[in-house]
Amino acid sequence: MRSPSDRGDVASDARAALRLDDVRFAHGGAAFRFDLTVRSGEWLALIGPSGAGKSTLLDLAAGFLTPSAGQILMAGANVTRLAPAERPLSMLFQENNLFPQLDAFRNVALGIAPRLRVSKDERRQIEAALSAVGLEGYGRRRPAEMSGGERQRVALARAFLRRRPLILLDEPFAALGPALRRDMLGLLDALRRRDGAPPAAIVMVTHHPEDAASHADRVAYLQAGEIAAIGPAAAMLSGRTDPRVSDYLGLRSRKA
Ligand SMILES: Nc1ncnc2c1ncn2[C@@H]1O[C@H](COP(=O)(O)OP(=O)(O)OP(=O)(O)O)[C@@H](O)[C@H]1O
């Protein structure tokens, strides 16, 4: 049986949560070229040195940047020219995911009711989402009245209420301590499996190899604007697959 490769076979590509097909982009002096297939329900971690293009890859997938060439597909549909709001995904950043003037309830409500007019049923869903992230009773608090971890929980509640099949994470827990980061990743994993629906696929930028090791199915290593290596998380993080990855992870002894 052939192992799933990055290009994948035609049938699995058609169902892929995300596919970047020879996507090209340039900003500043930096050029980017990405080929990637993320299967439905898969958790992919993006690692690599600062400036390698991890955020650029996510921004292209989300629609905040437009490729100069190539195609972006989600569940087989070409979304290359669609605005971010029209794409079947949710994205979480390291900060500023919430509207500061709105309380937690309204920030979550925006996930399903952009004009903030909510029905009784929607109110119940929003309260259930807040409770699922451990924030029962926090509905009236504004972002400034919450900790960084609580704010990210509100953002998670909103993302999951939207029930999009793809979640893009640009280091959303990087500012949290190790224990809290572990809790948040566990919560994210539990939330994406709720309701018996297929789990949402996740593409997560991280500078913490241990986060990738504990949750990712595959790891992609980016360097100089492209995916230099990709494979199962355990193999990639063992440092035995690619010398560039082991150097990045600090796993190879260096000669003085
Ligand atoms: N808006 C922009 N205009 C010009 N150049 C940019 C812009 N955004 C990013 N770049 C450049 O593109 C390259 C890739 O940036 P990107 O943010 O994707 O890297 P990264 O791998 O996410 O880095 P980090 O780990 O530091 O967040 C960098 O050299 C950066 O300076």
Dipole of the chain (Lys/Arg Cβ +1, Asp/Glu Cβ -1, origin at the Cα centre): which of LEU180, PHE34, VAL154 lies farthest to the positive side?
VAL154
So in the stretch 100-256, what percent of DSSP beta bridges are antiparallel if you round to the nearest 5?
55 percent
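Using the Cα centre of the stretch 9-158 as the reference point, and only Cβ charges (+1 on K/R, -1 on D/E), how large is the resulting charge dipole? Debye, rounded to the nearest 20.
500 debye
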Rule-of-thumb check for the stretch 185-238: C-alpha Rg over 2.2 N^0.38 Å?
1.26
Under a plain spin-label model, where a point goes 7 Å from the Cα along Cα-to-Cβ, how far apart in nm are SER119 and ALA190?
2.9 nm
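Largest first, how would ASP121, ASP247 line up by accessible area (1.4 Å probe)? Before the final figure, lay out each step's value.
Details: ASP121 80, ASP247 50 Å².
Final ranking, largest accessible area leading: ASP121, ASP247.
Within 10 Å of each candidate Cβ there may be at most 15 other Cβ atoms; applying that plus a DSSP loop requirement, which trypsin sites (Lys or Arg not before Pro) in the stretch 214-256 survive?
Listed in order of number, the matching sites are ARG240, ARG252, ARG254, LYS255.
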For the chain, report the accessible area per residue in Å² (1.4 Å probe, heavy atoms, rounded to an integer).
50 Å²
Relative intensity, log₁₀ I(q)/I(0), of the stretch 141-235 from a Debye sum that treats every alpha carbon as a point, q = 0.15, 0.19 Å⁻¹
-0.65, -1.00
Rg and Dmax in Å for the stretch 19-153, alpha carbons only: what are they?
17.8, 52
Could you list which residues have their amide H under 5 Å from that of SER40, counting only those 5 or more apart in sequence or on another chain, with H placed in the peptide plane?
ALA17
The chain: most fluctuating residue of GLY48, GLY139, GLY196 per GNM, C-alpha cutoff 10 Å
GLY196
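So if R0 is 30 Å, what FRET efficiency would GLU86 and ALA30 give, r being the distance between their Cβ atoms, rounded to the nearest 0.05?
Step by step, r from the Cβ atoms, then E = 0.65.
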Ranking request for peptides 123-134, 163-174: highest mean number of other beta-carbon atoms within 10 Å first, then the rest in descending order.
163-174, 123-134
Convert each backbone phi in the stretch 203-218 into a coupling constant with the Karplus relation 6.51 cos²θ - 1.76 cosθ + 1.60 (shift: θ = phi - 60°), then list the ³J(HN,Hα) values in order as whole Hz, x for Gly and Pro.
10, 10, 7, 8, 9, 10, x, 5, 5, 5, 5, 7, 10, 7, 7, 10
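Can you give the alpha-carbon Rg of the chain over 2.2 N^0.38 Å, where N counts its residues?
Values: Rg = 18.6 Å, N = 256, 2.2 N^0.38 = 18.1 Å.
For the chain, the normalised Cα radius of gyration is 1.03.
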Net dipole in debye of the chain [+1 Lys, Arg Cβ; -1 Asp, Glu Cβ; about Cα centre; nearest 20]:
360 debye
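Keeping the other protein chains in place, figure out the carbon and sulfur percent of the accessible area of the chain, with a 1.4 Å probe.
Carbon with sulfur: 50 percent of the solvent-accessible area.
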Sorted largest first, the C-alpha extents of the stretch 84-192 along its principal axes in whole angstrom are 38, 31, 24
Name the residues whose placed amide hydrogens come within less than 5 Å of the amide hydrogen of MET91, ignoring near sequence neighbours (fewer than 5 apart) on the same chain.
LEU168
Long-range amide H partners of ILE230, meaning residues 5 or more apart or on another chain whose placed amide H is closer than 5 Å, are TYR221
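Given only helices, namely DSSP H runs of n ≥ 4 each adding -39500 (n - 2.57), what is the per-residue ellipticity at 222 nm of the chain, to the nearest 500 deg cm²/dmol?
Numbers: 9 runs with 83 residues, N = 256.
Using -39500 (n - 2.57) per qualifying helix, the result is -9000 deg cm²/dmol.
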Given the options GLY239, GLY29, GLY41, state which has the largest fluctuation in a GNM of the chain using a 10 Å cut-off (strictly under) for Cα springs.
GLY29
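The values are calculated or read from the model by the stated rules, or taken from the named source; none is laboratory data. Here the structure is a predicted model, which means the values were calculated and not measured. Ideal geometry is used to build each Cβ from the backbone, glycine not excepted, and the neighbour counts take in all protein chains shown. Only protein heavy atoms, including side chains, enter the accessible area calculation; ligands, DNA and RNA are left aside. Shrake-Rupley method; radii C 1.70, N 1.55, O 1.52, S 1.80 Å.
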